[in-house]
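Everything below concerns the one structure shown next.
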Amino acid sequence: MNSILRIFGKRRVLLPVIHVHSSHQANYNARVAMDNGADGVLLINQGSPASETLRAAHQVAEAFPGLWVGVNILGQLDVDLLQVLYHGPLRGVWSD
């Protein structure tokens, strides 16, 4: 079975990317995404420290428990990101 279908229950999903500037802004953007039918969000640290993005992602996941929340942490080792995912409410990581 397709992973997207297994996780989301449908074949196509909308996952807007939120460029984190602050936790408040990330929460606001996640609310806009959710209110407009997004299936989840990906938070990226482009222009902000990785620690702020991870903090914001955890806050978004706690504020919107039904929303799929993932992160794309630029310049972070994949092993470190797996530790963050294992010990928190985040559901995905984008790494390239």
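The values are calculated or read from the model by the stated rules, or taken from the named source; none is laboratory data. Just so it is clear, the model here is predicted, and its values are computed rather than measured. Cβ coordinates were reconstructed from backbone atoms using ideal geometry, including for glycine residues, and neighbour counts include every protein chain displayed. Areas reflect the complete protein model, heavy atoms only, side chains present, ligands, DNA and RNA absent. Shrake-Rupley method; radii C 1.70, N 1.55, O 1.52, S 1.80 Å.
Taken over the stretch 42-67, the criterion of being of a type in the set (Gly, Ala, Ser) and under 10 Å from the mean Cα position of the chain (by Cα) is satisfied by Ala56, Ala57, Ala61. Among residues that are exposed (fewer than 13 other Cβ atoms within 10 Å of the Cβ), assigned to a helix (DSSP H, G or I) and of a type in the set (D, E, K, R), Arg11 is not included. Ser3 meets the stated requirement of being of a type in the set (Ser, Thr, Tyr) and surrounded by fewer than 12 Cβ atoms within 10 Å (Cβ to Cβ).
A count restricted to the stretch 14-55 and to residues that are in contact (Cβ under 8 Å) with a residue 12 or more places away in the chain and open to solvent by 60 Å² or more (accessible area, probe 1.4 Å) stands at 9.
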